[in-house]
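What follows is a single structure, written as structure tokens, with notes after it.
The values are calculated or read from the model by the stated rules, or taken from the named source; none is laboratory data. Everything numeric in this text was worked out from a predicted model, so none of it was measured. Neighbour counts run over all protein chains shown; Cβ positions are idealised from the backbone, glycine included. Remember, those area values only see protein heavy atoms, side chains included, never the ligands or the DNA or RNA. Shrake-Rupley method; radii C 1.70, N 1.55, O 1.52, S 1.80 Å.
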Amino acid sequence: MDIKNKLLSRLPAVNDFLADEEVQKLIEKYGRKLVLAEIRQLISNSRSELINLIEQDEVDAAKSKSESFKVENLRESLQAAIEKTLRPNLAPAVNATGVVVHTNLGRSLLSERAKEMLQMVSSHYTTLEIDRESGERGSRYDNVAELLCQLTGAEDALVVNNNAAAVLLALSALAADQEVIISRGELIEIGGSFRIPEVMKQSGAKLREVGTTNKVYPEDFVEAINEETALLLKVHTSNYRVVGFTREISLEELVRLGEEYNLPVLDDLGSGVFTNMEQVGLTPEPTVEERVAAGADLVTFSGDKILGGPQAGIIVGSKDYIAKLKNHPLTRAIRVDKYTLAALEGTLKAYQDPEGVMEEIPTLRMLSSPTTKLQERAERLLEAIEEFLPAGITAAIADDSSRVGGGAYPLAQLKTRIVTLQEETGKIHRLAKEIRTNYPPIFTRLINDRLIFDVRTLQPGDIDIISSSLQEALEVIYDDSRE
Ligand SMILES: *Cc1c(COP(=O)(O)O)cnc(C)c1O
């Protein structure tokens, strides 16, 4: 027998695992099928490791490895592998980036009321689409339409899957095969490849861009209006600003043109702000109510940006235009489900109390966290990690700024407190990766070799997670380097 076969023959077989008492306990706990699959995987991995070493002529290493491949040494790996398999792929994450509406981390956290609503629709049949008076079929949109009208002053409302779908629907229903006029400076791209020209193309509407990148006048619109024109479009430049020698077209100017030429005005607001954001220290952004009052025929915005609810595209506006949208076949294809509607209703109800809402909606609460609270949180984090930091790593509290995120308020800097870690031997990137790949994963900022924890976006319990994950990661890193 050659060395390769000899070493491979020493690997424990499935039956050796099954004969082990501890493994039997795992089977009782997790079921035979899963445990068997993991045992086979473990044997196959060990096999590959051995073969690799032998092929690289590392015979001695292969020999000692093969001796360590015994059931009693592999039990722990087996249990870890089983637990890893059972973990959900969509993992809870710690957001220490300070980006409040973090699209890649799922944008908004829901309020307690929204979560209760979600719980309720998950475990009960509901009045989703039924009219209780008549017992006949009703409309799912009625569940939130009235609330949306109350909060925005609009005549009617419709909710679809996201704001991209809302814009696509409005363009398809009102301007297919016709022309839509938009200012060149508003041809935006939002993350996740939402590009106005491409959405326009998909809807069948023809894009008519007017003005220059930095300046546009009402006359530019007037010149472009012809019998093919179906809609005037205003898109909020959510994620960038054109500054300097600029002139935008205001919604009021567009509305005046719309009235004069009998054309609807669509206002894609992006972030749906319902409250005055000045109280958070942000520059005032138009609220949905203001846009409706200014005369926009339709206003579209996201449910999960600053509004702080579930992913949704909300359209509010005049009865006639909303009716046109409702009757378009696309509406059925981008229909929201009961979970979205439930979470949205729970979210919107908070806005009936303009003072309470800043505390009730997590997004608004995080945006408006006072510095004293952030300082106190930073101190708790520092205290939790300081005690186990090895020599060579220094931790400190510093001032910095957080971001709103979600493509909103691109220039806003929210004063925050951060806890920074600096490492002498260049292992900080390794550390960041360790805690990101650990469970639950932790996402931080990493700037100039400083690992940064922005405490603004931390949730209750996160400090403990960070502390134990860091401790584990440091053990792994410093153990490896000792080898
Ligand atoms: C974010 C945004 C969108 C896309 O909204 P989603 O809800 O992400 O689909 C469209 N338009 C504007 C102006 C935005 O800011």
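Looking across Phe274, Phe301, one residue alone is aromatic (Phe, Trp, Tyr) and buried (at least 24 other Cβ atoms within 10 Å of the Cβ). It is Phe301.
The residues in region 270-298 that are in contact with a helix residue (DSSP H, G or I) (Cβ under 6 Å, 6 or more places away or on another chain) and assigned to a strand (DSSP E or B) can be counted, and the count is 1.
Yes/no per residue for (1) farther than 30 Å from Lys115 by Cα; (2) in contact (Cβ under 8 Å) with a residue 12 or more places away in the chain; (3) within 16 Å of the ligand (Cβ to nearest atom):
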residue: Ile361; (1), (2), (3): no, yes, no
residue: Ser369; (1), (2), (3): no, yes, no
residue: Thr372; (1), (2), (3): no, no, no
residue: Arg380; (1), (2), (3): no, yes, no
residue: Glu387; (1), (2), (3): yes, no, no
residue: Pro410; (1), (2), (3): no, yes, yes
residue: Leu421; (1), (2), (3): yes, yes, no
residue: Glu424; (1), (2), (3): yes, yes, no
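Of all residues in region 450-467, those being open to solvent by less than 60 Å² (accessible area, probe 1.4 Å) and more than 23 Å from the chain's Cα centre (by Cα) number 1.
Quick grid of which residues meet (1) more than 14 Å from the ligand (Cβ to nearest atom); (2) in a strand (DSSP E or B); (3) out of contact with any strand residue (DSSP E or B) (no Cβ under 8 Å at 6 or more places or on another chain):
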{"site": "Gly135", "(1), (2), (3)": "yes, no, yes"}
{"site": "Leu147", "(1), (2), (3)": "yes, no, yes"}
{"site": "Ala154", "(1), (2), (3)": "yes, no, no"}
{"site": "Ala157", "(1), (2), (3)": "yes, yes, no"}
{"site": "Val167", "(1), (2), (3)": "no, no, no"}
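This table checks each residue for (1) assigned to a strand (DSSP E or B); (2) at pLDDT 95 or above; (3) under 30 Å from Leu263 (Cα atoms).
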site: Leu307; (1), (2), (3): no, yes, yes
site: Val316; (1), (2), (3): yes, yes, yes
site: Ile322; (1), (2), (3): no, yes, yes
site: Leu325; (1), (2), (3): no, yes, yes
site: Leu341; (1), (2), (3): no, yes, no
site: Glu355; (1), (2), (3): no, no, no
site: Glu376; (1), (2), (3): no, yes, no
site: Leu381; (1), (2), (3): no, yes, no
site: Ala384; (1), (2), (3): no, yes, no
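The criterion of being over 23 Å from Asn163 (Cα atoms) and touching a Ser or Thr at 6+ places or on another chain (Cβ under 7 Å) does not hold for Val222.
Restricting region 188-226 to residues that are assigned to a helix (DSSP H, G or I) and under 34 Å from the mean Cα position of the chain (by Cα), the residue that is surrounded by the most Cβ atoms within 10 Å (Cβ to Cβ) is Met200.
Considering only region 288-320, state which residues are charged (D, E, K, R) and under 15 Å from the mean Cα position of the chain (by Cα). Selection gives Asp304, Lys305. Counted as qualifying within region 26-132 are the helices (runs of 4 or more DSSP H) with 3 or more residues that are of a type outside the set (Gly, Ala, Ser) and open to solvent by less than 40 Å² (accessible area, probe 1.4 Å), namely 32-55, 71-86.
Would you point out the residue of region 420-449, among those that are part of a strand (DSSP E or B) and among the hydrophobic types (A, V, I, L, M, F, W, C), that is surrounded by the most Cβ atoms within 10 Å (Cβ to Cβ)? Filtering region 420-449 for residues that are part of a strand (DSSP E or B) and among the hydrophobic types (A, V, I, L, M, F, W, C), the one surrounded by the most Cβ atoms within 10 Å (Cβ to Cβ) comes out as Ile442.
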